[in-house]
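Here's the structure we're looking at; comments come further down.
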Amino acid sequence: MNTLPHIKIVLVNTSHPGNIGGTARAMKNMGLSRLALVNPVEFPSGVAVGRAASALDVLEQAEVVNTLGEAIADCALVIGSSARSRSLPWPMLTPEQSAAKLVKESRSAQVALVFGREDSGLNNEELQLCHFHVQIPASPEYSSLNLAAAVMVLCYEIRRAVLRDDEADDKAEDEYWDQERATVEQVEYFYEHLERVLVEIDFHDPDNPRQLMQRMRRLFGRVRIDAMEMNILRGVLTNIEHKIKGRRD
Ligand code: SAH
């Protein structure tokens, strides 16, 4: 069975190179090959090479970037893994649902599964860049898994989803949609534009933001907007700006 080139595993700001090597190994075991490292503390590293064993190719091909935004810019679906739920509740998936979604959407777009720091996980801003969150239902007494172990559990679910081979059903569902999903990068431009216009029309006060933009993110993330819909909304915002400007001139 070939590897899944459109599924990217992203590790954010990993401290221990052993976890990077362990991740590469878990990925290759489960048929994955695209690894992105966001600002790793120690990389390249002999320890990572040792832990990767025969998955050295995955390590060598890993993409190293500075921010999570860069790592997922080309992705249409991003799922963030987290051991605990955060202040603003976000759409949650089980490991099984996450894997099914990633495998299905990877047939027509780039998708990503994101993991956080060993000590503090993903911060709120990073979690809010994700469309969904996934939690491994570990024991409530100690629910935080070792990073590479968490990668293994979720990559195994991806493997199971591939082996279930429900491609026929998924294809029918995909064919029904006429447009591609918007990528993270396109949607990020939209959020910037939206925020600017909301400030312009005095709906949004950047000095007292409350959770407005986070709620907007959650809303549009849930809808999973397509590229054409995104263009329409950008056009609406541009016209609002023109009108405001026209009135002022
Ligand atoms: N103390 C941190 C745990 C970090 S563990 C926290 O509370 O967030 C390092 C990473 O492994 C996490 O960021 C997450 O990506 C993954 N991870 C660990 N346990 C997990 C679990 N039960 N469910 C989902 N992801 C988990």
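Results, tabulated for the structure shown:
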| quantity | calculated |
| --- | --- |
| Answer from ALA55, ALA62 - the residue that is without any contact (Cβ under 8 Å) to a residue 60 or more places away in the chain, out of contact with any helix residue (DSSP H, G or I) (no Cβ under 7 Å at 6 or more places or on another chain), more than 16 Å from the ligand (Cβ to nearest atom) and within 21 Å of SER33 (Cα to Cα) | ALA62 |
| Residue match in segment 86-93 (condition: surrounded by fewer than 16 Cβ atoms within 10 Å (Cβ to Cβ) and of a type in the set (A, V, I, L, M)) | yes |
| Single match in VAL151, VAL197, VAL134 (criterion: more than 16 Å from the ligand (Cβ to nearest atom) and at pLDDT 95 or above) | VAL197 |
| Failed item, numbered, when ASN231 is tested on (1) touching a Leu at 6+ places or on another chain (Cβ under 9 Å); (2) in a helix (DSSP H, G or I) | (1) |
| Qualifying positions in segment 137-148 - more than 8 Å from the ligand (Cβ to nearest atom) and of a type in the set (Ser, Thr, Tyr) | SER139, TYR142 |
| All positions within segment 108-123 that are within 11 Å of the ligand (Cβ to nearest atom) and either under 29 Å from GLU180 (Cβ atoms) or free of Cβ contacts under 8 Å to residues at least 60 places away in the same chain (or both) | LEU113, VAL114, PHE115, GLY116, SER120, GLY121, LEU122, ASN123 |
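Matching residues to (1) in a strand (DSSP E or B); (2) on the phi > 0 side of the Ramachandran plot; (3) within 15 Å of the ligand (Cβ to nearest atom); (4) assigned by TED's automatic domain parsing to the domain that holds PHE190:
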site	(1), (2), (3), (4)
LEU32	no, no, no, no
ALA36	yes, no, yes, no
PRO40	no, no, yes, no
VAL49	no, no, no, no
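The values are calculated or read from the model by the stated rules, or taken from the named source; none is laboratory data. Nothing here was measured: the structure is a model prediction, and the numbers come from that model. Heads up, the Cβs are rebuilt from the backbone with ideal geometry, glycines too, and the neighbour counts pull from every protein chain shown.
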